[in-house]
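One structure is given here, and the rest of the page talks about it.
The values are calculated or read from the model by the stated rules, or taken from the named source; none is laboratory data. Please read these numbers as outputs of a predicted model, since none were measured by experiment. With ideal geometry, Cβ positions are generated from the backbone for all residues, glycine too; neighbour counts draw on all protein chains shown.
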Amino acid sequence: MRKMKTGFAFKSITLYLAFISFLIASIPQNSWAYFIESQPLSYSREADINKIQRVLESKMVSQRLSELGLSVGDINSRVNELNDADIHQFASQLDSLMPGGDAAITIMALLVIAILVLVILQLAGYKVIIK
């Protein structure tokens, strides 16, 4: 093997690079400025109400609301009493709901982790035997 040069210049460059790396890593990431897309401020009350109605008409949601003692007429009257901002906020929050939870994502993540562990063990020279 070749020996690396350990002269004064090499040591000073190494220390300089280590210091600069530490300095750059110590800057908080949220203080960096980025350009972001502007979101349109216009939205349609009818489209938001249609989205809410589709969710309310689903079997699981309507069953749960009827168990709580709310009728379809009560729900529609309450939705119609909301102002535009509240309807848009409610419709936007409906987009982020995942029916059934995120169990499928968790299972897929665990499978990917297990496969990665098996690949790393195989590359490290260990034999993986699955019976």
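Could you please find all residues in region 75-95 being over 13 Å from GLN53 (Cα atoms) and either among the polar types (S, T, N, Q) or over 32 Å from the mean Cα position of the chain (by Cα) (or both)?
Scanning region 75-95 gives GLU81, ASN83, GLN89, SER92, GLN93.
Mind telling me which of the residues SER26, SER66 ends up being at pLDDT below 85 and of a type in the set (Gly, Ala, Ser)?
Values: SER66 fails: at pLDDT below 85.
The match here is SER26.
Looking only at region 103-125, filter to residues that are surrounded by 10 or more Cβ atoms within 10 Å (Cβ to Cβ) and modelled with pLDDT under 80; which one of those is nearest to ARG64 (Cα to Cα)?
Residue satisfying both the conditions and the ranking: ALA104.
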